[in-house]
Amino acid sequence: MSTSAKQAQDRSNLITRAITALIGGPLILIITYVGGVPFFIMGLVLAVLSLLEFCMLGRDRQMPGHIPVGLVGVVALVFAYASHEYMLVAAVIAAVIVVSYAWDALRGTAEKRLARVGMTTAALLYAGLPASFMILIRALPDGLLWMVLIFMLTWGTDTLAYIGGRMWGKRLLAPSISPKKTVEGAVVGVVGGFLLGLITLILSQQVTPILVILCLIAPPLAVAGDLFESRLKRYFHVGDSHLSGLNIIPGHGGVLDRTDALIWVATLFYLFFLLSGVGI
């Protein structure tokens, strides 16, 4: 591809990304503001799509996850977690492992069967748990604030890292994992994400030392989540995670590509509330 053609493609992709963000961002914030059933449905849809994408990551290595087993499992997991039925959560995870193994009991080698069980279980946990965490966080008394803070930290880091990388990026952050992410972009993203989080706390009059510390931890964690997703895709030899014929986030890859940082930041806040005895 010629340089001019590459530049035209980059501009087109940037425009597509911007349009998608301008439509999708406000829609997500509106659903988050409403909360309740709409937010639960959004979390459940997020979990289902993420599970589908994760299961299919292994198709080129002949180790895709068991989609039917995973779908039933992730829906049951989200409902159980949202209902605070934690024994049922453990039972769902155990059932997915057993049924997934039994699914291939008479086919393939033991190693292949275990690999597919591992993919199915990993997809269940990677897709189902963070979605459940966000549903529980939104249900807290100040749940709207916490979800907006999580979004600002995540989106701020991700967006500003992208802008910083395009404008000033020279040194690759992790060339063996991602050929495009740069040190300069990561620094801009981390600083910008922290400042957006801090502004959110100031505007909501919730500035406390522990929350400021969380705002300091979250942006580097968001970058780590992004790199982890890149490492997964490189291991499974895929360019992005979107399902064939179902590119629901134009210009942004798949659902996993857009939630890689959100998953880690939401988990951080969930663990904070859990250890704080908030009653989540």
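The values are calculated or read from the model by the stated rules, or taken from the named source; none is laboratory data. Predicted, not measured: the structure shown is a model, and the values here were computed from it. Using ideal geometry, Cβ is built from the backbone for each residue, glycine included, and neighbour counts are taken over all protein chains shown.
Would you check if Arg258 is touching a His at 6+ places or on another chain (Cβ under 6 Å) and modelled with pLDDT under 90?
Here the answer is yes, as Arg258 does meet what is asked.
Quick test for you: out of Ala131, Ala123, pick the one residue that is aliphatic (A, V, I, L, M), assigned to a helix (DSSP H, G or I) and farther than 15 Å from Phe39 by Cα.
Ala123
Is there a residue in segment 77-85 that is outside any helix (DSSP H, G or I), at positive phi, more than 23 Å from the chain's Cα centre (by Cα) and surrounded by fewer than 16 Cβ atoms within 10 Å (Cβ to Cβ)?
Checked against the condition, which is being outside any helix (DSSP H, G or I), at positive phi, more than 23 Å from the chain's Cα centre (by Cα) and surrounded by fewer than 16 Cβ atoms within 10 Å (Cβ to Cβ), segment 77-85 yields no hits at all.
One residue is enough: does segment 13-30 have a residue meeting the conditions within 21 Å of Gly239 (Cβ to Cβ) and assigned to a loop (DSSP other than H, G, I, E, B)?
No, every residue in segment 13-30 fails to be within 21 Å of Gly239 (Cβ to Cβ) and assigned to a loop (DSSP other than H, G, I, E, B).
For Pro64, work out the one condition from (1) assigned to a loop (DSSP other than H, G, I, E, B); (2) within 16 Å of Val255 (Cα to Cα) it doesn't fulfil.
It is condition (2) that Pro64 fails.
Considering only segment 231-255, state which residues are farther than 17 Å from Leu46 by Cβ, in a helix (DSSP H, G or I) and either modelled with pLDDT under 90 or hydrophobic (A, V, I, L, M, F, W, C) (or both).
Passing the criteria: Leu232, Lys233, Arg234, Tyr235, Phe236.
Right, Phe40: closer than 25 Å to Leu140 by Cβ, under 22 Å from the mean Cα position of the chain (by Cα) and either surrounded by fewer than 21 Cβ atoms within 10 Å (Cβ to Cβ) or not charged (D, E, K, R) (or both) or not?
Answer is yes for this residue.
Out of Arg138, Arg107, I need the residue that is out of contact with any Cys (no Cβ under 8 Å at 6 or more places or on another chain) and modelled with pLDDT under 90. Which one?
The unique qualifying residue is Arg107.
Please identify the pairs in which a residue from segment 194-214 that is within 16 Å of Phe272 (Cα to Cα) has its Cβ atom under 6 Å from the Cβ atom of a residue that is surrounded by 15 or more Cβ atoms within 10 Å (Cβ to Cβ) and at pLDDT below 95, counting only partners at least 6 apart or on another chain.
none
Looking only at segment 96-140, which residues are of a type in the set (Asp, Glu) and buried (at least 17 other Cβ atoms within 10 Å of the Cβ)?
Asp104
Six or more apart or on different chains, Cβ under 8 Å: which pairs go from a residue in segment 167-192 that's in contact (Cβ under 8 Å) with a residue 40 or more places away in the chain to one that's surrounded by 18 or more Cβ atoms within 10 Å (Cβ to Cβ) and among the polar types (S, T, N, Q)? Could you list them?
Leu173/Thr182; Ala174/Ser230; Ile177/Ser230; Ser178/Ser230; Lys181/Ser230
Got a sec? Which of Ala127, Ala139, Ala174, Ala131 is in contact with a Gly (Cβ under 7 Å, 6 or more places away or on another chain) and aliphatic (A, V, I, L, M)?
Only one candidate qualifies: Ala131.
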